[in-house]
Amino acid sequence: MTTARNKNSSVFEHLRVLEFEDGECRHNYNQTKVFADNENSIEIFTAEIKPGKWAWGYNLFPTNGRNASRFPSLEYGYCRTERDAKLYILGMLLANGKMFNQDAREAIGKAVRDLQQLNLF
């Protein structure tokens, strides 16, 4: 039996551990620029808040002109690796892709594909 996935949830929901804790990182987090043009900007943040607990955050300027920003926090669960945290937040952005232009959506998809590539050497 499968469960229906919320249309606005990440396709990588299975990577998130649903344990909610206090813990936020306002300094020394990793930043990844996903996309930027005159209309949209997407930057994701990752931080290992506690050993083996990677949190995600973001700084977004979607098409509507408003800014959305969040520091990495354990408030919404965590992932076990930085790669998983990046995939989770990128999946969330894809699920909510209507707020970005086509070029931004393509950049998100490329970032996902790049993370899914296996390194042979």
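Here are a few things to note about the model shown:
- The chain, relative contact order [Cα under 8 Å, separation at least 6], %: 29 percent
- Whether the chain is rounded, prolate or oblate, judged on the alpha carbon gyration tensor where a/c under 1.5 counts as rounded: rounded
- Estimated inter-spin distance, residue 98 and residue 32, nm [label 7 Å along Cα→Cβ]: 2.6 nm
- With every protein chain in place, the stretch 16-67: carbon and sulfur % of accessible area (1.4 Å): 43 percent
- Full-extension gain in nm, residue 63 to residue 83, via 0.36 nm per residue minus C-alpha separation: 4.5 nm
- Peptide ranges 66-76, 37-47 listed from the most packed, as the mean C-beta count within 10 angstrom indicates: 37-47, 66-76
The values are calculated or read from the model by the stated rules, or taken from the named source; none is laboratory data. Everything numeric in this text was worked out from a predicted model, so none of it was measured. So basically every Cβ, Gly included, is an ideal-geometry build from the backbone, and we count neighbours across all protein chains shown. Remember, those area values only see protein heavy atoms, side chains included, never the ligands or the DNA or RNA. Shrake-Rupley method; radii C 1.70, N 1.55, O 1.52, S 1.80 Å.
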